[in-house]
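A.B. asks: Okay, here's the structure, questions in a sec.
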Amino acid sequence: MNICLVSAEITPFAKMGGLGDVIAAIGKYLARDGHQVKLFMPLYNTFAANAFNLRPIRFSKQVKLNMGHKRFKINFFYTLLPGSRAEVYFVDCPQLYQRNAVYTSDPDEHLRFAVLTRAAIKLCILQNWAPDIFHINDWHTALLPLYLKSIYANESMFQKTKTVLTIHNIGYQGVFEADVINDLGLSEFHFLFDSHDLYHGKINFLKNGLLHAHKITTVSPTYAQEIQTPEYGASLDGLLRKRARDLIGILNGVDYHEWNPETDKQIPFHYSIKNLAGKRKNKSVLLERAGLYKKWLSKPMVAIISRLVQQKGINLIMAVMDDILRRYEMSFVTLGSGDPNYEQYFFSLQSQFPKQVKFFHGYDYPLSHLIEAGADIFLMPSQYEPCGLNQIYSLKYGTVPVVRKTGGLADTVTLYDWKTQTGDGFVFEHYTAEGLRWALEYALTTYPYRSVWRKIMKNGMQKDFSWEKQIKEYEKLYTELISE
Ligand code: ADP
């Protein structure tokens, strides 16, 4: 199949969260299975074009793109996805992308991603390459099906092309004032937009994608169900219920070449399900790095690696953590950045409990591996979680997850059952401080039972959420869609 993936992020070129990882993995594993894959993203200035050896595409220079009254000239750069045959195309338009951040709240944010979307379509035309599938991701590229039905409706090469829109996080929808329709170059196609929103002076990128894509996916089966309810649907639940037949949940995979304690290049000591000794050594290194008491080596270490935003359940942590730190001999390490109020909370917790708590402020890829390898318990009490990657890494690293039963967390972590000795984590149901307290204390009081704890670790380490497995689900979806 010819598959074209369009995304605001692709790791390692730009990664803000899970999205970049997921797109890179889908591209890589599709190419590995023999499909022809092209990926598109903007050329941001947040990474050095030189570092990745990007080459300009000479045949498609200064490509003109009219967005309403605005005129853009686009260049393209090209490289291969590292370790893959998948081709990555970078849309170069400095006036739109050379900013200090991947996402901005600048007044032309709608244009930045509409231009990406149209540039992807345009280069396919210039290369005379007809995708069987355009696979678009989140609100940024969600207008692609609408462009195919409007400006490019007469383009014969797309007559059989199908579109798949993946919702990685429904919390971000790309809502703009309705007059941006001129910038999108779509004012004469206003009838294709959600009329209720237009009437109220708004355009919602994601919603219009949900209206026009052939299939909709999201990144876990549970999240696919949840977003059809008012509690999780962020006002799109009604539309998603209408499109339920075309909506499926496909769990993200993880790349075990990168995240495997037996081979991880980022950690000082390797370990495996058969020989766990290295984990304790990593913990020792981590305690040292965090400047925490060495005596915590034999006590549970709880960790968080996360964007510090409301979604991740930081409010629950704030409600219970100082009490728990007082009552248990334990250490607590957090790596993350985000909302200044949350950052402030972690800084003050650290000054309140300097021997027990370390806050690593910022984004640090190698450290995230060391924390997975060194900690005992991984905390992820999300309010909602489309899939979540860190709890899956944690399972593989024997870092027992304490999670809320929502979205991908519900699909990947199972509550340990003492009777049957099955399960691999501690799971609470309701989004309350009491729920988190119950699960975390359950984990902390189980930890001293060493053989039980090892069993829980091993149950998790055995699980397989590899992309090798998950990519088959996308291939099945594409194949069915093409043959419709
Ligand atoms: P989300 O996409 O909502 O941020 P995910 O769990 O799906 O959550 O993906 C987060 C990804 O970003 C993981 O790969 C995680 O390891 C990484 N990550 C998040 N915060 C940090 C950080 N401060 N330092 C290093 N990696 C981080």
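A.B. asks: Show the residue pairs that are 6+ apart or on different chains and have beta-carbon atoms under 6 Å apart, the first residue being within region 215-244 and outside the structural domain of Val164 (by TED's automatic domain parsing), the second being open to solvent by 10 Å² or more (accessible area, probe 1.4 Å) and among the β-branched types (Val, Ile, Thr).
C.D. replies: Going by the 6 Å Cβ cut-off, there are no qualifying pairs.
Conditions tested, residue by residue: (1) within 15 Å of Tyr89 (Cα to Cα); (2) open to solvent by 70 Å² or more (accessible area, probe 1.4 Å).
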| position | (1), (2) |
| --- | --- |
| His35 | no, no |
| Met41 | yes, no |
| Tyr44 | yes, no |
| Asn50 | yes, yes |
| Leu54 | yes, no |
| Ile57 | yes, no |
| Val63 | yes, no |
| His69 | no, yes |
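A.B. asks: Could you check, for region 421-428, whether at least one of its residues is open to solvent by 30 Å² or more (accessible area, probe 1.4 Å), at pLDDT 95 or above and touching a Gly at 6+ places or on another chain (Cβ under 9 Å)?
C.D. replies: no
Residue by residue, here is whether (1) aromatic (Phe, Trp, Tyr); (2) assigned by TED's automatic domain parsing to the domain that holds His69; (3) over 21 Å from the mean Cα position of the chain (by Cα); (4) modelled with pLDDT of 95 or more holds:
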position: Asn169; (1), (2), (3), (4): no, yes, no, no
position: Gln173; (1), (2), (3), (4): no, yes, no, yes
position: Phe176; (1), (2), (3), (4): yes, yes, yes, yes
position: Asn182; (1), (2), (3), (4): no, yes, yes, yes
position: Phe189; (1), (2), (3), (4): yes, yes, yes, yes
position: Leu198; (1), (2), (3), (4): no, yes, yes, yes
position: Ile203; (1), (2), (3), (4): no, yes, yes, yes
position: Gly209; (1), (2), (3), (4): no, yes, no, yes
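A.B. asks: While we're here: Listed residues Gly313, Gly362, Gly374; which is surrounded by 15 or more Cβ atoms within 10 Å (Cβ to Cβ) and within 21 Å of the chain's Cα centre (by Cα)? Give the steps one after another, and end with the answer.
C.D. replies: Details: Gly362 fails: surrounded by 15 or more Cβ atoms within 10 Å (Cβ to Cβ); Gly374 fails: within 21 Å of the chain's Cα centre (by Cα).
Going through Gly313, Gly362, Gly374 in turn, just one is surrounded by 15 or more Cβ atoms within 10 Å (Cβ to Cβ) and within 21 Å of the chain's Cα centre (by Cα): Gly313.
A.B. asks: For region 17-96, list the strands (runs of 3 or more DSSP E) that sit wholly inside it and hold at least 3 residues that are β-branched (Val, Ile, Thr) and in the same structural domain as Lys472 (by TED's automatic domain parsing); which are they? Walk me through how you get there before you give the answer.
C.D. replies: Numbers: elements: 36-42, 63-67, 70-80, 87-92.
Of the strands (runs of 3 or more DSSP E) lying wholly inside region 17-96, none has at least 3 residues that are β-branched (Val, Ile, Thr) and in the same structural domain as Lys472 (by TED's automatic domain parsing).
A.B. asks: Could you go through region 436-449 and let me know if any residue there is open to solvent by 50 Å² or more (accessible area, probe 1.4 Å), modelled with pLDDT of 95 or more and more than 21 Å from Ser331 (Cα to Cα).
C.D. replies: no
A.B. asks: Return the total of residues in region 144-197 being in a helix (DSSP H, G or I), surrounded by fewer than 20 Cβ atoms within 10 Å (Cβ to Cβ) and of a type in the set (Ser, Thr, Tyr).
C.D. replies: Going through region 144-197 one residue at a time, the tally reaches 3.
A.B. asks: I've got another one for you. Is it the case, given these coordinates, that Ala8 is in contact with a His (Cβ under 9 Å, 6 or more places away or on another chain) and either part of a loop (DSSP other than H, G, I, E, B) or within 16 Å of the ligand (Cβ to nearest atom) (or both)?
C.D. replies: Numbers: in contact with a His (Cβ under 9 Å, 6 or more places away or on another chain): yes; either part of a loop (DSSP other than H, G, I, E, B) or within 16 Å of the ligand (Cβ to nearest atom) (or both): yes.
Criteria met by Ala8.
A.B. asks: Considering only residues that are in a loop (DSSP other than H, G, I, E, B) and surrounded by 24 or more Cβ atoms within 10 Å (Cβ to Cβ), which ones fall in region 407-418? Explain how you work it out, then say what you get.
C.D. replies: The first filter runs over region 407-418 and keeps only residues in a loop (DSSP other than H, G, I, E, B), leaving 413-414, 416, 418.
The answer is Val413, and nothing else.
A quick yes/no check of all residues on (1) open to solvent by 50 Å² or more (accessible area, probe 1.4 Å); (2) over 19 Å from Ile377 (Cβ atoms):
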residue: Ile250; (1), (2): no, yes
residue: Asp255; (1), (2): no, yes
residue: Thr263; (1), (2): yes, yes
residue: Asn275; (1), (2): yes, yes
residue: Pro300; (1), (2): no, no
residue: Leu325; (1), (2): no, no
residue: Met330; (1), (2): no, no
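The values are calculated or read from the model by the stated rules, or taken from the named source; none is laboratory data. All values derive from a computational prediction rather than experimental measurement. Reconstructed Cβ throughout: ideal geometry from the backbone, glycine too, with neighbour counts over all protein chains shown. To get the accessible areas, we keep the full protein, side chains included, count just its heavy atoms, and leave off ligands, DNA and RNA. Shrake-Rupley method; radii C 1.70, N 1.55, O 1.52, S 1.80 Å.
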